Structures are given as structure tokens and as C-alpha cells.
Amino acid sequence: MLYSQLNQSTTNLYNRWNEYRKMIDDIINGYIDGDTIIIGAGNGNDLIYSHILKGNVKIDILDIDKKAVQKGLDRDGIAVNDIFEIDITGIKANVSELIINSKSQIALIENFKTLSFEKIQLEKSYDTIIISPIISQLFLNQVMAEIQVKYRHINQDLLKVLMDKTGEIITNFIEFIKSISKEYSKIIFWNDILQFKSDYEFLKELTNESATQYLNEYFNKYGISPVKFGHDEIKKLGDVLEEEFLHWNFNDEKAFLVQLNVVEIK
Ligand SMILES: C[S@@+](CC[C@H](N)C(=O)[O-])C[C@H]1O[C@@H](n2cnc3c(N)ncnc32)[C@H](O)[C@@H]1O
């Protein structure tokens, strides 16, 4: 699937993300304590592992791409407890093969409809759960990219099935987060929620207040949230201790508005 290509394409962006990584570190550092899991760590380009690994902190990492994770840890000279190489969607089929082998978009619709998911479980719970931008990537974007290699126009019914499956995956993901949390666990998560061109001044000028206002106005005008991928649902798991909007200067072409939250589980 596309995740390993994506991780390879961002390996070299470590230096470009210096300022972004530091912004995240400054916000999250004080909340990290005890048994900690990082979900979707990838290359670890947005994490300062040496700051996370302090005092009584023990780190586990969950990512479908162990190779990228190990490279990031080696770069920073860090050893962690465990790396779980798990597909968090729990999809029981090989989706890439399914796309290649389906003879038409109608066949794809039928095949995607039958897609079922395995419940992901870890026999452990954590004091701190760090979720690197993974929910914006889960399933829909990756599958769409693979389908678009084969078909230029996507059938609306196919899109609808993919959206339904994405909803199921996000719901399962949130259930998984609940299953590994304890009372008063801190969940730290950030996601790219809007994409801009790299030189777009509007994004650079956004403050926390103006970003919140912009998102509210957007919702009131169109009746839909911009791309949130379950971010708000994770917020509902407890008390919101922190909400920040960050400017992520991703590469020469694109930049993102990122929403970061810290939630304490109730
Ligand atoms: C946007 S990246 C996070 C990038 C990371 N911050 C970095 O610096 O590379 C999302 C991560 O989620 C992982 N991922 C994507 N789909 C996944 C899945 N279904 N199960 C587990 N991990 C997945 C990817 O391997 C990638 O490392």
C-alpha cells in the first residue's frame, strides 16, 4: 500500500520540519508520563524522541511500517520497549490486490461492500497515547490513490461505499483508543485538517482564535466540517486540556493547517 511510499517520500523532510517539530514538542512535552504509546509514528519527523523518553516514561510504538519507525529511532539513537507492526484498520483482505483484480468499478463496489474488519486489541493500557497524523490517512486517501491509478473518474456509488467503510474504520479506531486508555490517560493527537499552497499567506497569518473562527464560519456556511476524519470524536472522549492550530510547512508545494488537542480521559 501507499503508506511505505509516503513514509519514504517524507524521510528527507526532517530538517524542513524543525520548527514544526519544536512547536509540537513545546505543547505536548508537559503531558507525557508513564506508559506511553505512539500511534503512526512513521519516520518520527514530527517527534523529539529524546524529550519524550524521560523520567518514568516507557515507549511502545504502533505503525504498519516498522522499517520507517526503526529508521527514525536509529536516527535519534533511541531504543523503545516494543514496536507493534499492526494494520490498525484490521482489514482482512489485501486491498491492493482487490483493486488490481476487480474487473470494473461495479465489481469493486461489490468487493468493497464485503470488506470486513478484525477487532484490533492490545493487552495493555497506557497513561499517555500519542496519535501522530494517522486518521487523516486511514483507508480513504490511500485507497483512492490506488483506484485513481486504474480509473480516472470514480463512480459515485464506489465513493459512497469507500466513505461508509472509512466511517466504520474511524469508529473502530476510536473504540481501540478507548480500549487502551485508563481513567485520566492523556490522549495527544494532531491532524492536518486543511491543505493550502506553501506560499499561501492566509495560512501563515492564522492564529488560534482566527482559525477557530474560520472553521466555525465554514461550518455555518456549508453545514459540513472541513476534513476532520474523526478528530472531533476523539475530543469527546474526555476533557479538552489543550487546543492549538499549527502551520505545517510540509514541502515546496503544500502546507497544512493542523489541529492539535490534548484530552484527558474521563
Ligand atoms: C502521516 S504519517 C505520520 C508521519 C510521521 N509523523 C512521520 O514523521 O513520518 C502516518 C503514519 O501512519 C502509518 N499508517 C498509515 N496507515 C496505517 C494503518 N492502517 N495502520 C497502522 N499505521 C498506519 C504510516 O505508516 C505512517 O507512518
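Calculate I(q)/I(0) for the range 84-149 by the Debye formula, one identical point scatterer on each C-alpha and no solvent, and give its log10 at q = 0.24 Å⁻¹ to two decimals. Here log10 of I(q) over I(0) equals -1.18. Take the alpha-carbon positions of the range 201-266, form their convex hull, and give its projected area averaged over all directions (one quarter of the hull surface) in nm². Mean projected area for the range 201-266: 5.2 nm², to one decimal.
Across the options ALA79, ASN101, ALA68, the greatest Cα extent toward the positive end of the charge dipole of the range 63-108 (unit charges at beta carbon of Lys, Arg, Asp, Glu) belongs to ASN101. Charge dipole (Cα centre; +1 on Lys/Arg Cβ, -1 on Asp/Glu Cβ; no other charges) of the chain amounts to roughly 660 debye. Take the convex hull of the alpha carbons in the range 6-150; its mean projected area over all directions comes to 9.7 nm². Restricting the chymotrypsin sites (Phe, Trp or Tyr not before Pro) of the range 64-172 to loop positions (DSSP other than H, G, I, E, B) with no more than 16 neighbouring Cβ atoms within 10 Å leaves TYR151. Taking a straight line from the alpha carbon of LYS103, these lysines sit under 26 Å away, with near neighbours fewer than eight places off in the same chain left out: LYS92, LYS113, LYS150, LYS160, LYS165. Considering all different alpha carbon pairs of the range 117-266, the Kirkwood hydrodynamic radius works out to 17.1 Å. Maximal additional length on extending the SER9-ALA145 stretch stands at 47.4 nm, based on 0.36 nm per residue less the C-alpha distance. For the range 146-255, the set of GluC sites (Glu not before Pro) satisfying both a DSSP loop assignment and a count of at most 14 other C-beta atoms within 10 Å is given as GLU253. For the chain, the calculated P(r) over all alpha carbon pairs, in 10 Å bins from 0 to the bin holding the longest distance, is 6, 28, 36, 24, 6, 0 percent.
Shape annotation for the range 147-186: C-alpha extents along the principal axes are 47, 18, 11 Å, from largest to smallest. Relative to its residue count, the range 155-212 spans a Cα convex hull of 147 Å³ per residue. Calculate the length of the line joining the C-alpha centroid of the range 191-211 to that of the range 136-190, in whole Å. Each part reduced to its Cα centre gives a spacing of 23 Å.
Per the Debye formula on identical point scatterers at the alpha carbon atoms of the range 93-187, with no solvent, log10 I(q)/I(0) at q = 0.11 Å⁻¹ is -0.41.
Read-outs: derived from the displayed coordinates by stated rules, not from any lab. In this text, all values refer to a predicted model and were calculated from it rather than measured experimentally. All Cβ positions, even for glycine, are placed from backbone atoms using ideal geometry, and neighbour counts span all protein chains on display.
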